[in-house]
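Student: Before I ask anything, let me first share the structure, which is written out below as structure tokens.
The values are calculated or read from the model by the stated rules, or taken from the named source; none is laboratory data. Here the structure is a predicted model, which means the values were calculated and not measured. When we count neighbours, we look across all protein chains shown, and the Cβ atoms used for this are built from the backbone with ideal geometry, even at glycine. Keep in mind that these areas ignore ligands, DNA and RNA; they rest on the heavy atoms of the full protein, side chains included. Shrake-Rupley method; radii C 1.70, N 1.55, O 1.52, S 1.80 Å.
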Amino acid sequence: VGAALNRHVALIGFMGAGKTTLGEQAAARLGRPFVDLDRELERETGEPIATLFRQSETDFRIREAKKTIETLEQRKPAVVALGGGAVTSESVRAALRAHAFTVLVDVDVDRAWERTRGGDRPLAQDELRFRALYTKRRPLYDETADARATDVDGVVLAAAAVHVESASFARLGDLTGAQPLALVADANLARLYGAAAREALGERLAARHQLPAGEEAKTLKVVEQLWRDLRLDRGGALVAFGGGCTIDAVGFAAATYLRGIDWYSVPTSLVAQVDAGIGGKTAIDLPEGKNLVGAFHWPRNTIVDPELLQTLPAPERREGLAEVVKTGLLAGEELWALDDAELVRRSAAFKAAVCLRDPHDRGERAILNLGHTFAHALEASAGYRGVTHGQAVGLGLLAALRLSGLDTAPVDEVLLPRPVRVDRDRAWEALQRDKKAANGRVRLVLLEAPGRPVYGVERPEEEVRAALDALIAG
Ligand SMILES: NC(=O)c1ccc[n+]([C@@H]2O[C@H](COP(=O)([O-])OP(=O)(O)OC[C@H]3O[C@@H](n4cnc5c(N)ncnc54)[C@H](O)[C@@H]3O)[C@@H](O)[C@H]2O)c1
């Protein structure tokens, strides 16, 4: 599971859908090689596709199928753009099922014709024939695709098995597999959406469980009770429905119950929709610290319905906005200025790409800690009271931008961070204890420019301490 974690991302679709352009962009985002099969065939034969096709369509199709299958059988996960007609071969479809996560690049027939008319494609010369072919191929594309997309964020999200769509909550039954499901919601979500969830899941709903709202869910006691209450066998799946705390606790329960069963992530808070719900990390807390016990366990599907945010209390929204600003700075785009549906989709896609590039957090996933070294220090020195995580992240981002020599306006204007009143020495100690400290040195995530993060950066101790001090009041 985890969609395309260890598999190719194959792009299929009609002529003019934009498979080559999207494939190039998606490969760059996922840090994978890009293979465009039309280009490969041209290179191999030294002839343009149009010429090969005119010489003999049958020979061309045989050659195309052979090359496509050979490419899909290569082990190293790539992004592969298939020729428009390649899926007409049953053996190509079988290879796609075996080796790839297949994304249909969706295009309507009018646009496809606009883009291809007047070119040299043999099948795009006559409009009536072009339209007839589109109608004929359409069911084949639908049947072969695991997901569909129209832009690069869509491809990345599909590859990460993240489905972002307004009102998708009502279709929860269609977006989860055909297996018995145990719905686990926090108390607030159960109250607000329990009936709607029951309706959406219908007969597949095998059981319902409730967790306390908030961080209390992420304790061994709560997870143990859940383990003991579960009646699913290994073929069943958990549905985690709530904010980041529910997602973390239920994901961890799914990773461990019966040595690991499937789960679906249905994040409902802004923090969870843009961050906690994505990337396959699950955890619970210990008295010694947060997130100290956990597992990597990618959900089968993450279903994100931005409309659920309508009931999210305003302070919780601000918590999420801090992560959106962080993501926007990392991406180099003003994601925070978008409407909810796009803000969630784009932020989620950014995180999904980073996690697909580094699923086990061994390298560049560290960039997601931008501002968090300072934030953790402030939270810890405050004893996790009087300053929320979001407020601390706002301050941490301020410090990261200052140390990067960059304009702090986006953070100032969107998050309005206010210095906190904590003990300066305790905060400094906490910062040095942070898990990112290696050999007693603090390693930071900074930005060369918005959109160009660097991690593992060391700065002179005085500079780091001065940046921390500037976040503290009094
Ligand atoms: N696993 C990861 O990669 C990851 C990443 C970031 C954060 N996290 C974890 O996420 C947790 C924080 O998540 P959170 O901020 O979502 O906290 P949360 O789960 O406690 O949710 C915040 C509050 O909002 C309520 N709520 C959520 N969605 C709602 C909705 N649609 N309508 C009404 N109320 C709603 C919840 O009931 C809760 O009271 C932390 O424990 C953090 O460690 C994990």
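Residue-by-condition table, conditions (1) in contact with a strand residue (DSSP E or B) (Cβ under 7 Å, 6 or more places away or on another chain); (2) assigned to a helix (DSSP H, G or I); (3) within 16 Å of the ligand (Cβ to nearest atom); (4) not hydrophobic (A, V, I, L, M, F, W, C):
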site: Val393; (1), (2), (3), (4): no, yes, yes, no
site: Leu397; (1), (2), (3), (4): no, yes, yes, no
site: Ala400; (1), (2), (3), (4): yes, yes, no, no
site: Gly405; (1), (2), (3), (4): no, no, no, yes
site: Val411; (1), (2), (3), (4): no, yes, no, no
site: Val414; (1), (2), (3), (4): no, yes, no, no
site: Arg418; (1), (2), (3), (4): no, no, no, yes
site: Ala427; (1), (2), (3), (4): yes, yes, no, no
site: Gln432; (1), (2), (3), (4): no, yes, no, yes
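Student: Please pick out the residue among Asp305, Asp339 that is away from the ligand (no atom under 11 Å from the Cβ), modelled with pLDDT of 95 or more and of a type in the set (D, E, K, R).
Tutor: The unique qualifying residue is Asp339.
Student: To continue, here is another question. Considering only residues that are closer than 20 Å to Asn188 by Cα and assigned to a strand (DSSP E or B), which ones fall in segment 260-301?
Tutor: Tyr264, Ser265, Val266, Pro267, Ile284
Student: I've got another one for you. Taking into account only those residues within segment 252-287 that are near the ligand (Cβ under 7 Å from one of its atoms) and not aliphatic (A, V, I, L, M), which is modelled with the lowest pLDDT?
Tutor: Gly279
Student: Can you confirm whether Leu356 is assigned to a helix (DSSP H, G or I), at negative phi and surrounded by 24 or more Cβ atoms within 10 Å (Cβ to Cβ)?
Tutor: yes
Student: Here is a check on your reading of the model: is Pro212 out of contact with any His (no Cβ under 9 Å at 6 or more places or on another chain), within 11 Å of the ligand (Cβ to nearest atom) and farther than 18 Å from Ala160 by Cβ?
Tutor: For Pro212, the condition - out of contact with any His (no Cβ under 9 Å at 6 or more places or on another chain), within 11 Å of the ligand (Cβ to nearest atom) and farther than 18 Å from Ala160 by Cβ - is met.
Student: Arg402 - would you say it is over 16 Å from the mean Cα position of the chain (by Cα), surrounded by fewer than 24 Cβ atoms within 10 Å (Cβ to Cβ) and modelled with pLDDT under 95?
Tutor: no
Student: If a residue counts only when it is in contact with a strand residue (DSSP E or B) (Cβ under 7 Å, 6 or more places away or on another chain) and open to solvent by less than 40 Å² (accessible area, probe 1.4 Å), which helices (runs of 4 or more DSSP H) contained entirely in segment 10-109 have at least 1 such residues?
Tutor: 19-30, 37-45, 57-72, 90-99
Student: What is the residue count in segment 216-236 for residues that are outside any loop (DSSP other than H, G, I, E, B) and polar (S, T, N, Q)?
Tutor: 1
Student: Moving on. What do you reckon, is Val222 modelled with pLDDT of 95 or more, more than 11 Å from the ligand (Cβ to nearest atom), buried (at least 16 other Cβ atoms within 10 Å of the Cβ) and among the β-branched types (Val, Ile, Thr)?
Tutor: So Val222 passes the test.
Student: Now a separate question. Restricting the first residue to segment 257-269 and requiring it to be more than 21 Å from Pro315 (Cα to Cα) and open to solvent by 10 Å² or more (accessible area, probe 1.4 Å), which pairs with a second residue that is more than 10 Å from the ligand (Cβ to nearest atom) and in a strand (DSSP E or B) meet a Cβ separation below 7 Å and a spacing of at least six or different chains?
Tutor: Cβ pairs passing all conditions: Asp262/Ala237.
Student: Which of the residues that make up segment 120-132 are touching a helix residue (DSSP H, G or I) at 6+ places or on another chain (Cβ under 9 Å) and open to solvent by 90 Å² or more (accessible area, probe 1.4 Å)?
Tutor: Those that are touching a helix residue (DSSP H, G or I) at 6+ places or on another chain (Cβ under 9 Å) and open to solvent by 90 Å² or more (accessible area, probe 1.4 Å): Asp120, Arg121, Arg129.
Here is a yes/no grid of residues against (1) open to solvent by 10 Å² or more (accessible area, probe 1.4 Å); (2) touching a residue at least 24 places away in the same chain (Cβ under 8 Å); (3) out of contact with any Asp or Glu (no Cβ under 8 Å at 6 or more places or on another chain):
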position	(1), (2), (3)
Tyr134	yes, yes, yes
Leu140	yes, yes, yes
Thr144	yes, yes, yes
Ala149	no, yes, no
Val155	no, yes, yes
Glu165	yes, yes, no
Gly177	yes, yes, no
Ala182	no, yes, yes
Ala187	yes, yes, yes
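Let's see how each residue does on (1) surrounded by 23 or more Cβ atoms within 10 Å (Cβ to Cβ); (2) assigned to a loop (DSSP other than H, G, I, E, B); (3) among the hydroxyl-bearing types (Ser, Thr, Tyr):
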site	(1), (2), (3)
Glu333	no, yes, no
Ala341	no, no, no
Val344	yes, no, no
Ala348	yes, no, no
His360	no, yes, no
Leu378	yes, no, no
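Student: Please enumerate the residues belonging to segment 130-157 that are small (Gly, Ala, Ser) and modelled with pLDDT of 95 or more.
Tutor: Scanning segment 130-157 gives Ala132, Ala145, Ala149, Gly154.
Student: I would also like to ask the following. Could you tell me whether segment 226-245 includes any residue that is open to solvent by 20 Å² or more (accessible area, probe 1.4 Å), in contact (Cβ under 8 Å) with a residue 40 or more places away in the chain, within 16 Å of the ligand (Cβ to nearest atom) and closer than 22 Å to Arg317 by Cα?
Tutor: For segment 226-245, residues open to solvent by 20 Å² or more (accessible area, probe 1.4 Å), in contact (Cβ under 8 Å) with a residue 40 or more places away in the chain, within 16 Å of the ligand (Cβ to nearest atom) and closer than 22 Å to Arg317 by Cα: present.
Student: Take the conditions in a loop (DSSP other than H, G, I, E, B), more than 20 Å from Ala160 (Cα to Cα) and in contact with a strand residue (DSSP E or B) (Cβ under 6 Å, 6 or more places away or on another chain) and apply them to Ala3. Does it pass?
Tutor: no
Student: Condition check: among the β-branched types (Val, Ile, Thr), at pLDDT 95 or above and assigned to a strand (DSSP E or B). Does Val445 satisfy that?
Tutor: When the stated conditions are applied, Val445 passes them.
Student: Within segment 288-297, restricting attention to residues that are more than 7 Å from the ligand (Cβ to nearest atom) and in contact (Cβ under 8 Å) with a residue 12 or more places away in the chain, which residue is farthest from Phe241 (Cα to Cα)?
Tutor: Val293
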